[in-house]
Amino acid sequence: MWIVYLANTGGQSIFFDFIRSFPHGDKLGHLALFGFLTLLANFACGLKTISFRFFRMYLGAVLVLAFALIEELSQFFVVSRTLDAIDLLADVAGILVFSVLTYYIRLWKMKNESTQYR
């Protein structure tokens, strides 16, 4: 939320300077920021999943996706920001990559717990 606030108000931070020093750093920043948020949200929601027609998603990932959509679309109304579909794609990529990472962490954790009690 702090990063979104700084970006919306035109604020500066070391984080922004660091991200700008890389080629496509803004997109990598979106991927990492929303990815880590997804990982935290997935575990904070107890790894609960929601079923859609053909697949299941972590509740945390769904909540972060909703936040990403709202945050990116709100940039249309903020003078210091620009609405960018590629930013949204980077957000979604981070959510997907870190959801898969969550799945593998969960499997690893379950495997370790099952071998611990043998």
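Worth pointing out:
- Filtered residue count, segment 36-55, keeping only those that are surrounded by fewer than 19 Cβ atoms within 10 Å (Cβ to Cβ), part of a helix (DSSP H, G or I) and of a type in the set (A, V, I, L, M): 2
Condition check ((1) exposed (fewer than 11 other Cβ atoms within 10 Å of the Cβ); (2) among the hydrophobic types (A, V, I, L, M, F, W, C)) across all residues:
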| site | (1), (2) |
| --- | --- |
| Ala61 | no, yes |
| Leu69 | no, yes |
| Arg106 | no, no |
| Thr115 | yes, no |
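- Among the residues of segment 1-30, just one is at pLDDT 80 or above and either of a type in the set (A, V, I, L, M, F, W, C) or in a loop (DSSP other than H, G, I, E, B) (or both), namely Leu28.
- Among the numbered conditions (1) open to solvent by less than 40 Å² (accessible area, probe 1.4 Å); (2) hydrophobic (A, V, I, L, M, F, W, C); (3) out of contact with any Lys or Arg (no Cβ under 6 Å at 6 or more places or on another chain), the only one that Ala90 does not meet is (3).
- Residue pairs whose Cβ atoms lie under 6 Å apart, sitting 6 or more positions apart in sequence or on different chains, and linking a residue in segment 85-113 that is assigned to a helix (DSSP H, G or I) to a partner that is open to solvent by 80 Å² or more (accessible area, probe 1.4 Å), do not occur here.
- For segment 93-104, a residue qualifies if it is open to solvent by 70 Å² or more (accessible area, probe 1.4 Å) and among the aromatic types (Phe, Trp, Tyr), and the qualifying residues are Tyr103, Tyr104.
- Scanning segment 25-77 for residues that are out of contact with any strand residue (DSSP E or B) (no Cβ under 6 Å at 6 or more places or on another chain) and of a type in the set (S, T, N, Q), we see that the one that is nearest to Thr102 (Cα to Cα) is Thr38.
- Where Leu33 falls short, out of the listed (1) at pLDDT 95 or above; (2) surrounded by fewer than 21 Cβ atoms within 10 Å (Cβ to Cβ); (3) part of a helix (DSSP H, G or I): (1)
- Selection within segment 56-77 - assigned to a helix (DSSP H, G or I), out of contact with any helix residue (DSSP H, G or I) (no Cβ under 6 Å at 6 or more places or on another chain) and of a type in the set (A, V, I, L, M, F, W, C): Leu59, Val62, Ala66, Phe67, Leu69, Ile70, Leu73, Phe76, Phe77
The values are calculated or read from the model by the stated rules, or taken from the named source; none is laboratory data. None of these values were measured; they are calculated from a predicted model. Positions of Cβ are backbone-derived with ideal geometry, glycine not excepted, and every protein chain shown enters the neighbour counts. With ligands, DNA and RNA removed, areas are computed over all heavy atoms of the protein, side chains included. Shrake-Rupley method; radii C 1.70, N 1.55, O 1.52, S 1.80 Å.
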